[in-house]
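Following: one structure in C-alpha cells, then a few remarks.
The values are calculated or read from the model by the stated rules, or taken from the named source; none is laboratory data. Computed from a predicted model, the values in this text were never measured in an experiment. Here the Cβ is made from the backbone with ideal geometry for all residues, glycine too, and neighbour counts use every protein chain on show.
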Amino acid sequence: MLNFQTAINDQKNFSEIKLNEISPIRKLILRGKSREFLSAVGKTINILLPTEPNTSSSNGEITIIWLSPDEWIIFSNSIDNQDFNQIEEKLVQNICKTKLGAVIDVTDQFVMINLTGNKIFDLFQKGSPFNFNEFRNKKGATTQTLLAKIDVIIQNKDQNDINVFVRRSFSRHLYSWMSDSASRL
Amino acid sequence: MFVISCPYCGEREQSEFKAGGEAHIERPKQPTELSDDEWAEYLFMRKNIKGIQYERWNHAHGCRKWFNMVRDTSNDEIKAVYKMGEKPPSV
C-alpha cells in the first residue's frame, strides 16, 4: 500500500460551514463509449454507470460521478478502503485488458474536500458561474464547473453536505480561498 | 457574457467554454496535390462575418467535449447548438 500524504492537512470550522480534506480516498477515472463497455463495467462493479448528465450513483462502497458522455470518476466512500484494490484489479482485467475502455488511477491527482453546513452555496456563489438553484435540492447531483477560476467537480452528497474534487496542485490555493471566503459569510 | 447550452451538460455560463473557430472546414483529401496557396487557404483563411456564423466550441471547464454552434456575431444570439458529426441546421 502506498504511503499517502495529505495535500491540505487542515480543518476549518466556521459557525455556518465546515471544511476538511478527506484522505486517503481512492479514485479512478473510467473512459469508454460502447454499449459493451457500459455493461462490462456494470457487471464488474455491480452498479450501473450513470448515463444521465450531471448525476451520480452510489452503493455502500463506491460512488460514481458522470463527467462527460464517455467519462466517469469512481471513488470509495470510506477512507483507506482495502476492497477498492479488488475493484480496480477487476476493472483493469475486464475493461483495459479487453480493450473496451480505459481505467486510470487518479487517487493522487484529485483532492477531495468535504463541506458541511448551511452556507455552502453562499460560498460557491462568491466564485462560481454555475447556477446552483436546482442542484442544491437534488441529492446526488454533480457538476463540473469553475470555482475561483479553478476546475472543480462538485457533488451534492446530501443536504448541506457537499464533496468538491480539485486537482492537487490547485488544492491548497482553493482551500485557502474557500477558508477566506467562508470566514466572512 | 452569455449562457451557452452545452449539448451534453445543459445551460452553462460562457466562461466555462472556449471558442474553436469556424466549423465545417473539410481537410483536403490529397494535401500533396494542392498548391501552396490552396493549402494556405485551407489552413489559415477563415470567415469573419457580421451575422450568422457556424462555429466550433469546446466546453473546456465542464465535459471537455467539442460541439458546433450557430451564432449571430452581431448580437451574440445563439441560433442553434448541435453535436459534432450532426448536420448543420438551416437558420
May I ask you to list pairs of residues, at least six apart or on different chains, whose Cβ atoms are under 6 Å apart, with the first in segment A:127-148 being at the interface with chain B (Cβ under 10 Å from one of its Cβ atoms) and the second being charged (D, E, K, R) and surrounded by fewer than 19 Cβ atoms within 10 Å (Cβ to Cβ)?
A:P129/B:E13
Please specify each residue of segment A:113-136 satisfying the condition of being over 18 Å from the mean Cα position of the chain (by Cα) and part of a loop (DSSP other than H, G, I, E, B).
A:N118, A:K119, A:K126, A:G127, A:P129, A:N131, A:N133, A:E134
Any idea which residue in segment B:5-27 is nearest to B:P88 (Cα to Cα), counting only those that are within 11 Å of another protein chain (Cβ to nearest Cβ) and of a type in the set (A, V, I, L, M, F, W, C)?
B:C6
Within the group B:K18, B:K87, B:K79, which residue is basic (K, R) and exposed (fewer than 11 other Cβ atoms within 10 Å of the Cβ)?
B:K87
Among the numbered conditions (1) of a type outside the set (K, R); (2) under 21 Å from B:P88 (Cβ atoms); (3) surrounded by fewer than 18 Cβ atoms within 10 Å (Cβ to Cβ), tell me where B:Q30 comes up short.
(2)
Run down B:F67, B:F2 and say which single residue is within 14 Å of another protein chain (Cβ to nearest Cβ), over 15 Å from the mean Cα position of the chain (by Cα) and touching a residue at least 40 places away in the same chain (Cβ under 8 Å).
B:F2
Suppose we filter A:E61, A:E71, A:E89 for residues that are at negative phi, more than 19 Å from the chain's Cα centre (by Cα) and free of Cβ contacts under 8 Å to residues at least 60 places away in the same chain; which single one remains?
A:E89
Going by the conditions given, is B:Q53 crowded, with 17+ Cβ neighbours inside 10 Å, away from chain A (no Cβ under 14 Å), out of contact with any Pro (no Cβ under 9 Å at 6 or more places or on another chain) and over 30 Å from A:Q125 (Cβ atoms)?
yes
Within segment B:82-91, track down each residue that is away from chain A (no Cβ under 14 Å) and at pLDDT 95 or above.
B:Y82
Looking at segment A:66-97, which of its residues are buried (at least 18 other Cβ atoms within 10 Å of the Cβ), more than 12 Å from chain B (Cβ to nearest Cβ) and under 23 Å from A:D151 (Cα atoms)?
A:I73, A:I74, A:F75, A:S76
